[in-house]
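Here's the structure, in structure tokens; my notes come after.
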Amino acid sequence: MFNMLFLKNIFFTLLVPGTIAVLFPLLILDGNIEFIGNTVPFSVLLMLIGFYIYCWCVWDFYKYGKGTPFPYDAPKILVIRGLYSYSRNPMYMGVLLFIIGMAVISLSIFLLLYVFIVMLSFQMIIIFYEEPGLQTIFGHDYTNYCRLVGRWFPVDFLSGKN
């Protein structure tokens, strides 16, 4: 049986990422999607990987963090497991991969520009809103987590260490 927290996660997913990753790109494309044969398998793969990443992260927020991606119903416990053990923002990466898949499948320059705008928006939200808030809520645990896990990519990936 679905509980209220699970339903809140579904509602948030449909409302926010659904709007950012599906509705807005479809509006940008204005229904003019030309599928270029060679790009379809790669694009669908990117979209599926992005969707899977997003769903995995929401599941971890729900199951282990006891919350949702919605800031006013955020996880009560710092989620540092699963994909969050490699990146502090895998959910955003999943959404971006999905939109990139849509841009590749349509070969739309406007959708590629949209990807760039969304990426910058995510970066600003993370730096100026999420990270200070998480620091306030979780204190030393979050500071330690930031030291061990990169904002977008694993720390070892960025430093070249194995």
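The values are calculated or read from the model by the stated rules, or taken from the named source; none is laboratory data. Just so we're clear, the structure is a prediction, and the values are computed from it rather than from any experiment. Because the Cβ atoms are built from the backbone with ideal geometry, glycine has one as well, and the counts that use them run over all protein chains shown. Remember, those area values only see protein heavy atoms, side chains included, never the ligands or the DNA or RNA. Shrake-Rupley method; radii C 1.70, N 1.55, O 1.52, S 1.80 Å.
Listing for the model above:
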{"quantity": "Helix-only [θ]222 nm of the chain, DSSP H runs n ≥ 4, -39500 (n - 2.57) each, per residue, nearest 500", "calculated": "-20500 deg cm²/dmol"}
{"quantity": "With every protein chain in place, the chain: carbon and sulfur % of accessible area (1.4 Å)", "calculated": "73 percent"}
{"quantity": "Reciprocal of mean inverse Cα separation for the range 54-161 (Kirkwood radius, Å)", "calculated": "14.8 Å"}
{"quantity": "Mean Kyte hydropathy of -0.5 or more with a Cα span along the axis of at least 20 Å, helices from DSSP in the chain", "calculated": "40-63, 90-106, 109-125"}
{"quantity": "Cα-based shape type of the range 3-105, given that a ≥ b ≥ c are square roots of the gyration tensor eigenvalues and the cut on a/c is 1.5", "calculated": "prolate"}
{"quantity": "Sparsely packed trypsin sites (Lys or Arg not before Pro) within the range 55-120, loop by DSSP, other Cβ within 10 Å at most 16", "calculated": "Lys66, Lys76, Arg81"}
{"quantity": "Residue-by-residue Karplus 3J(HN,Hα) for the range 65-77, coefficients 6.51, -1.76, 1.60, Hz, glycine and proline x", "calculated": "x, 6, x, 10, x, 5, x, 8, 9, 5, x, 7, 10"}
